[in-house]
Amino acid sequence: MKVKQPLWRFSGCFCLLLWGGLMSGFGQENIDFSGVITKYDSTFSGIGPKVYFLPPPKTSAELLDDRYAEKEIDSALVEEYVKRMQYYHRLEMTGNGDVAEKYVPIRESQTSSVEGKLLMAVVYNVASHNLNALADVQNRLAMEYVAIGTLDFAVEFFEKAVQAKKAVGNQSDWETITQNLAVTYEYLGQLDKAYALRQQLYEQAVKNHNNRDQANALMELALIKAKRGGWDEAERDIIRKVVPLFRRLRDEAGRASAYSTLATIYTLQQKYPEAQWFLVQAKTIVDREGISDQLPEIIFNLAETKKYAGNPRVAIEEYKVASDLAKKDHRIGMQLAIQDALGNLYHEAGDYDGAALALNQYDILKNMLFKGVAPVDN
């Protein structure tokens, strides 16, 4: 009996300690973060609703993390749109441009159908038997189909416009629309078709003894060669053929474009230092010569290469400059890409204020483009 008594007491003490520990743990886990549960008797065990202890509310940083995670859902849609608009920017209009400007203000495009206007113009010119003007409208309509991603219709109307210009003997417009069709095939990844059209344009330039057109055609051929994997040949063509041709012509805009194309070829190979070097050469030329139309793309590509090369601080500054230029030139696709990249860079760096501002601008642009939500005037 004397032996069992200490064992009984020891067992009792152990149970009390275990119960106390469990209750202590329960109390720590069930903390009233909201401050609402204090109104109730949490020890009440009768009939009535159970008292739930909610987790603490998320911080502003955690909420922003959640929004960036959600942004990844539509990243593929946005990336495809940005890519498509980069190709759209390479397309050229023919005629006097009375039907519709290439870059229609966003408010106008939301209140009226550019496609509808162009289809009506097609009907009018068919009725008027004005084949030359009809081809201009068909070319612009095809451009609009590229912009909205209806590529089958784009190819169809570019081909109709090419045949119409050939029928009326308008060689200059035929070349412009043929290059538009080549750009579209390139976007579609049909590189053999794009290459064949560029080869036609090069042979026509040789026949016409037009060195500038030869240089441009060789430059575009080199880009397609690079996309088909012929990196070395593409680089040689631009360095040994295209750039010297532009030098002899004293065409500084052409030389800047050649350097930018060479930078694109190096970027495709993920050779970012080389790409940056040629982009800097292109920027030097356009700054000196005042060639403003090439500047947004050059600055944007500089920011992209610096981001991929692991230099985020410099990339952010380049993106800011590119953003101002893109707004000035009404390049909505580029603006969207810039805010997307800026937001990610700020977020990765822990700059939640910058990330929140960029994300807000990104959402405004995305909703404007994909949901038809008009921007609010400041």
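Just so you know, all these numbers are worked out from the coordinates, no wet-lab data involved. If you're wondering where the values come from, they're calculated on a predicted model, not measured in any experiment. Every residue, glycine among them, receives a Cβ derived from its backbone with ideal geometry; neighbour counts consider all protein chains shown.
Quick look at the values:
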quantity: Label-point separation, Y308 to E62 (7 Å along Cα→Cβ), nm; calculated: 3.7 nm
quantity: Radius of gyration and maximum dimension Dmax of the stretch 277-356, Cα, Å; calculated: 12.8, 40
quantity: Efficiency of FRET from Cβ geometry, D152 and N367, R₀ 25 Å, rounded to 0.05; calculated: 0.35
quantity: Förster-model FRET efficiency, 41 Å R0, E233 and V321, C-beta, rounded to 0.05; calculated: 0.75
quantity: DSSP-assigned coil residues among trypsin sites (Lys or Arg not before Pro) in the stretch 56-86, each with at most 14 further Cβ atoms within 10 Å; calculated: K58
quantity: Cross-link pairs beyond the 21 Å C-alpha cut-off, checked among K117/K166; K83/K225; K58/K366; calculated: K117/K166; K58/K366
quantity: Shape category assigned to the stretch 135-213 from the gyration tensor of Cα positions, a/c cut at 1.5; calculated: oblate
quantity: Charge sum, other residues only, whose C-beta stays under 12 Å from I298's C-beta, Lys/Arg counted +1 and Asp/Glu -1; calculated: -4
quantity: Given K328/K371; K102/K320; K207/K227; K102/K327; K71/K306, the pairs whose alpha carbons are separated by over 18 Å; calculated: K328/K371; K102/K320; K207/K227; K71/K306
quantity: Efficiency of FRET from Cβ geometry, E252 and S128, R₀ 45 Å, rounded to 0.05; calculated: 0.60
quantity: Loop trypsin sites (Lys or Arg not before Pro), the stretch 281-378, which have at most 11 other Cβ atoms in a 10 Å radius of their Cβ (DSSP); calculated: K371
